């Protein structure tokens, strides 16, 4: 079998459900409930651009794609890990 990128195997059957899953829409309440935050906190993240969302009318409110929510979590987790590492490094320097 040829290992070139042009001949890579793509599982088309499983690619579609992943794309559909990423496009699933969540409400502000859904996101708040998943991470234990207040709905106003989630709206604040949307307003500052930290969390991507689309506005649907005045009464329906925001909708967040599951894929965008997962990207948001990855960024926050990475940022938290970096901050923890910096604090740990700073603590080690001050102890010596």
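The values are calculated or read from the model by the stated rules, or taken from the named source; none is laboratory data. For clarity, every value in this text was computed on a predicted model and none was experimentally measured. All Cβ positions, even for glycine, are placed from backbone atoms using ideal geometry, and neighbour counts span all protein chains on display.
With the checklist (1) modelled with pLDDT of 95 or more; (2) in a loop (DSSP other than H, G, I, E, B) in hand, flag the one item residue 37 doesn't pass.
Status for residue 37: all satisfied but (1).
Conditions tested, residue by residue: (1) touching a strand residue (DSSP E or B) at 6+ places or on another chain (Cβ under 8 Å); (2) in a helix (DSSP H, G or I); (3) touching a residue at least 12 places away in the same chain (Cβ under 8 Å).
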residue	(1), (2), (3)
21	no, yes, yes
45	no, yes, yes
55	yes, no, no
70	no, yes, yes
81	no, yes, no
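Of everything in the range 56-70, what is more than 14 Å from residue 29 (Cβ to Cβ) and touching a helix residue (DSSP H, G or I) at 6+ places or on another chain (Cβ under 9 Å)? Give them in sequence order.
Passing the criteria: 65, 66, 67, 68, 70.
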